[in-house]
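The values are calculated or read from the model by the stated rules, or taken from the named source; none is laboratory data. Predicted model only: the values in this text are computed from it and were never measured. In this analysis, Cβ positions are derived from the backbone assuming ideal geometry, glycine residues included, and neighbour counts consider all displayed protein chains.
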Amino acid sequence: MEKYVIRGGKPLVGDVNIGGAKNAAVAILPATILAGGKCLIENLPCISDVMASLQILSELGASIRMVSRSTYEIDTSHLDSTEVSNELSRQMRASYYFLGALLGRFGSGQVAMPGGCNLGPRPIDQHLKAFTAFGAEDSVEYGQIHVRSEHLVGGHVFFDTVSVGATMNAMLAAVLAEGTTILENVAREMHGCNYSIIPDQIEAGSYMVAAAITKGDITLHNVIPKHMEPITAKLRAAGCEVEEFDDALRIRRTGELKPLKLKTMPHPGFPTDMQPLMTALLTLAKGTSIVTEGIWENRFRYVDELIHMGANIQVDGQVAVIEGVKELHPAPLRATDLRAGAAMVMAALAANGVSEVDETIHIERGYENIVEKLQALGADIRRVEIPANAVSRAI
Ligand code: EPU
């Protein structure tokens, strides 16, 4: 296991390249199953969730050729299994996309109950509702979800809740189903079938917060400024200057941070995955901020870590009230999930002195080379291996 050791208090200055979007990549990789041939996928981020998706494809029988660090050729002509192994299913949430893709191509798919960040209950009833509407049967036994259909037909689905995962899974299953499918009340963050993965909005937003929280000046390359608008608007309201270019953004902060009210909502609203990062930032704003989580039931578990650093935050259900403090103090911190982990890194970069962030495995599921990218911006951050005996003593 690894931890990050961070000496904070330095403004981050310089340029950073943003990788492909994790949440697009982990859906497009299973979608290659539907092609039943060769696909070239570009701009794949080098993160553990992508590596796990590639490994699943390979275990199902796909041939995979690495063309460059971020480009892979995937040939799904001859798959010989429709069952995703338990170990890989449990590593990430997005393993559920293999259900829709395998059902669509072969009429049968099996994955173990997916893993991923613990953000409260993460049901998949809406995914199964769509598969059922297409004539499939499902069973959940011993932690295995199995879907099957002799003859998949298009159907009409009205989702009870707006779900990114259920919308994508229904589309994956519907592509090869006979007839027309109509999906209503869908998630709207889809971007056609461009095989070059779109830039990661949340990775970009995280580096924007890094500039804002350290009073830095960072230019982000390979971003789509339009996709960043909800985040840009809030950071401007918090007192940052943001300049937009064709595929770059420059963000700097020179003055004080201003408090904000924000509520996370389905796309195109403010993204829930930025919520922990914004909360970390607002601990240093002058005045009272209110952050409301509109998607997940339990996405404030990391707040205790910020309180250890001297932040003043009260959480009541889905609402956090943040009284800004003058400074954050260094502390031992835990990455409770992927985005909360990134928020801890940003908070540590702002605190004068040495903090340590544990359980960084969560962070590396979704951030490509985060340590190296932050170092290039002038951060004093190191990855340190935790000896196995120290881990077992801690447990
Ligand atoms: N929901 C249901 N039933 C379902 C599916 C979802 O009730 O069958 C509920 C959930 O409990 C939640 C809401 O609907 O309250 C939204 O869930 P959604 O299905 O949209 O989330 P997801 O597809 O599991 C993706 C991202 C998350 C991101 C959410 C919301 C992936 C792999 N994950 O999750 O990203 O928070 O959409 O935008 O695409 C992250 O990157 O850190 C992350 C957690």
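Could you grab me the full set of residues in the range 175-201 that are at positive phi and within 16 Å of the ligand (Cβ to nearest atom)? Selection gives Asn185 alone. Taking the stated definitions as given, is Met190 under 17 Å from the mean Cα position of the chain (by Cα) and not in a loop (DSSP other than H, G, I, E, B)? Answer is no for this residue. Note on the range 209-292: enclosed strands (runs of 3 or more DSSP E) holding 1 or more residues that are surrounded by 17 or more Cβ atoms within 10 Å (Cβ to Cβ) and without any contact (Cβ under 8 Å) to a residue 60 or more places away in the chain are 241-244, 248-252, 261-263, 288-292. Whenever a residue of the range 134-152 is under 16 Å from Tyr97 (Cα atoms), its partners that are exposed (fewer than 12 other Cβ atoms within 10 Å of the Cβ), lying with C-beta atoms within less than 6 angstrom and at least six residues away or across chains, give the pairs His146/Ser139.
In the range 163-174, which residues are more than 7 Å from the ligand (Cβ to nearest atom), out of contact with any His (no Cβ under 6 Å at 6 or more places or on another chain) and of a type outside the set (A, V, I, L, M, F, W, C)? Thr167 - this is the single residue of the range 163-174 that is more than 7 Å from the ligand (Cβ to nearest atom), out of contact with any His (no Cβ under 6 Å at 6 or more places or on another chain) and of a type outside the set (A, V, I, L, M, F, W, C). Only one of the numbered conditions (1) farther than 22 Å from Ala335 by Cα; (2) surrounded by fewer than 19 Cβ atoms within 10 Å (Cβ to Cβ); (3) at pLDDT 95 or above; (4) not aliphatic (A, V, I, L, M) is violated by Cys46, and that is (1).
Inspection of the range 341-358 identifies no residue that is under 15 Å from Leu277 (Cβ atoms) and charged (D, E, K, R). Among the residues of the range 49-76, those identified as out of contact with any strand residue (DSSP E or B) (no Cβ under 8 Å at 6 or more places or on another chain), of a type in the set (Gly, Ala, Ser) and surrounded by fewer than 16 Cβ atoms within 10 Å (Cβ to Cβ) are Gly61, Ser68.
Based on this model, can you work out whether Ala210 counts as under 19 Å from Leu12 (Cβ atoms) and within 16 Å of the ligand (Cβ to nearest atom)? No, not satisfied.
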